[in-house]
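Here it is, the structure in full.
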Amino acid sequence: AQKITQTQPGMFVQEKEAVTLDCTYDTSDPSYGLFWYKQPSSGEMIFLIYQGSYDQQNATEGRYSLNFQKARKSANLVISASQLGDSAMYFCAMREGAGNQFYFGTGTSLTVIP
Amino acid sequence: NAGVTQTPKFQVLKTGQSMTLQCAQDMNHEYMSWYRQDPGMGLRLIHYSVGAGITDQGEVPNGYNVSRSTTEDFPLRLLSAAPSQTSVYFCASSYWGGTGGYTFGSGTRLTVV
């Protein structure tokens with residue numbers, strides 16, 4: 001079974017609108033961390049946001065927020081007020097337990113339309 | 001600047017050739033790893049290390065070797081390149097259990113012809 005599932009290969013959003021990128025995960029470990037990374041066309045991987053499994057509140061970092069629904073095992077990324085520079089691939093990832101191995105989803109390509 | 005340095009950025013190999021992808025970090029991270037990125041498949045773990053002298057296999061280790069003689073360096077060796085190893089390779093490092101996730105290198109685009 002896939003540890004991380006991203007079901008949206010491509011998404012489009014109008015500039016200044018909000019967009020939600022979906023991510024579901026699969027683990028039986030009660031302790032885990034969820035991460036989102038951005039990969040622009042230049043290729044580098046940029047860390048965006050982190051959510052721990054025991055965190056009571058949804059994580060936020062500037063225009064990024066993580067909609068964490070533990071019972072549904074979903075960790076959707078919400079980008080508010082989209083900008084042209086947000087056009088990129090976005091990867092959801094999970095780290096289980098005390099280990100450091102990350103499991104990545106297949107990514108969602110986001111295009112922001114002017 | 002502190003971070004993960006990967007070299008080279010681009011490489012073309014002929015089938016059967018060997019080469020080493022270099023990775024160095026100056027953040028004193030215990031954990032280092034190598035991933036390959038292929039279209040539609042996300043990032044897959046090749047090998048990882050939890051400290052100097054300790055390495056282990058990830059999801060797709062065949063055809064690759066690693067070593068970790070120092071905390072800073074974690075080279076990836078392709079023993080006999082095959083076209084199936086055409087990919088983008090990322091080195092990443094982190095503190096053990098850190099909430100900041102990985103710090104990634106800039107990637108190496110490898111083509112095997």
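Give me the distance in nm between label points sitting 7 Å out from Cα along the Cα-to-Cβ direction at residue B:88 and residue A:61, one decimal.
1.8
Using R₀ = 45 Å, calculate the FRET efficiency as 1/(1 + (r/R₀)^6) where r is the Cβ-Cβ separation of residue B:96 and residue A:42; round to 0.05.
Values: r = 29 Å, r/R0 = 0.65.
Rounded to the nearest 0.05, the efficiency is 0.95.
Put simply, what bits of the stretch A:70-112 lose 20 Å² or more of accessible area when the other protein chains are there, versus the chain on its own (1.4 Å probe)?
SASA drop of 20 Å² or more in the stretch A:70-112: A:91, A:95, A:98, A:100, A:101, A:102, A:104, A:106.
Full-extension gain between residue B:15 and residue B:52, please, as 0.36 nm times their residue separation minus the C-alpha to C-alpha distance. Provide the component values of the computation, followed by the final result.
Working: separation 37, 0.36 × 37 = 13.32 nm, distance 3.13 nm.
Residue separation times 0.36 nm, minus the Cα-Cα distance, leaves 10.2 nm.
Carbon and sulfur atoms: what percent of the 1.4 Å accessible area of the protein assembly as shown do they account for? Present the calculation step by step, with values, prior to reporting the outcome.
Working: 5260 of 10570 Å².
That fraction is 50 percent.
If you don't mind, there's one more thing I want to ask. May I ask you to derive the FRET efficiency for residue B:67 and residue B:41 from their Cβ-Cβ distance with R0 = 30 Å, giving the value to the nearest 0.05?
Values: r = 26 Å, r/R0 = 0.87.
Step by step, r from the Cβ atoms, then E = 0.70.
Quick one: compute the contact order of the stretch B:39-113, relative version, from alpha carbon pairs under 8 angstrom and 6+ residues apart, as a percent.
Details: 109 pairs, mean separation 15.7, N = 75.
Worked out over the stretch B:39-113, it gives 21 percent.
Give me the 1.4 Å probe accessible area per residue for chain A, excluding ligands and nucleic acids, in Å². Please report the intermediate quantities before stating the final value.
On the way: 5380 Å² over 114 residues.
Accessible area per residue: 47 Å².
State the number of lysine pairs found in the protein assembly as shown whose Cα atoms come within less than 23 Å, restricting to pairs 8 or more positions apart or on distinct chains.
Details: A:3/A:38; A:3/A:70; A:3/A:73; A:16/A:38; A:38/A:70; A:38/A:73; A:38/B:9.
The number of close lysine pairs in the protein assembly as shown is 7.
Quick one: accessible area per residue over the stretch B:1-64, 1.4 Å probe, rounded to a whole number of Å²? Spell out each step's value before the answer.
Values: 3260 Å² over 64 residues.
That works out to 51 Å² per residue.
Below 8 Å, C-alpha to C-alpha, sequence gap of six or more: please give me the relative contact order for the stretch B:1-61 in percent. Could you put the intermediate results ahead of the total?
Working: 79 pairs, mean separation 14.6, N = 61.
The normalised contact order for the stretch B:1-61 reaches 24 percent.
To the nearest 0.05, how large is the calculated FRET efficiency for residue A:14 and residue A:72 if R₀ is 35 Å and r is the Cβ-Cβ distance?
Numbers: r = 27 Å, r/R0 = 0.78.
Step by step, r from the Cβ atoms, then E = 0.80.
Between chains A and B, what is the buried accessible area in Å², counting both sides, with a 1.4 Å probe and ligands, DNA and RNA left out, to the nearest 100? Intermediate results must be reported in sequence, preceding the final value.
Working: alone 6130 and 5930 Å², together 10570 Å².
For chain A against chain B, roughly 1500 Å² becomes buried.
Return the distance in nm (one decimal) between the two label points of a simple spin-label model at residue A:54 and residue B:80, each offset 7 Å from Cα along Cα→Cβ.
With each label placed 7 Å out from Cα toward Cβ, I get 5.0 nm.
The values are calculated or read from the model by the stated rules, or taken from the named source; none is laboratory data. Computed from a prediction, not measured in an experiment: that's the story for all the values here. Note that each Cβ is placed from the backbone with ideal geometry, even for glycine, and that neighbours are counted across all protein chains shown. Quick note on the areas: whole protein, heavy atoms, side chains included, nothing else; ligands and nucleic acids left out. Shrake-Rupley method; radii C 1.70, N 1.55, O 1.52, S 1.80 Å.
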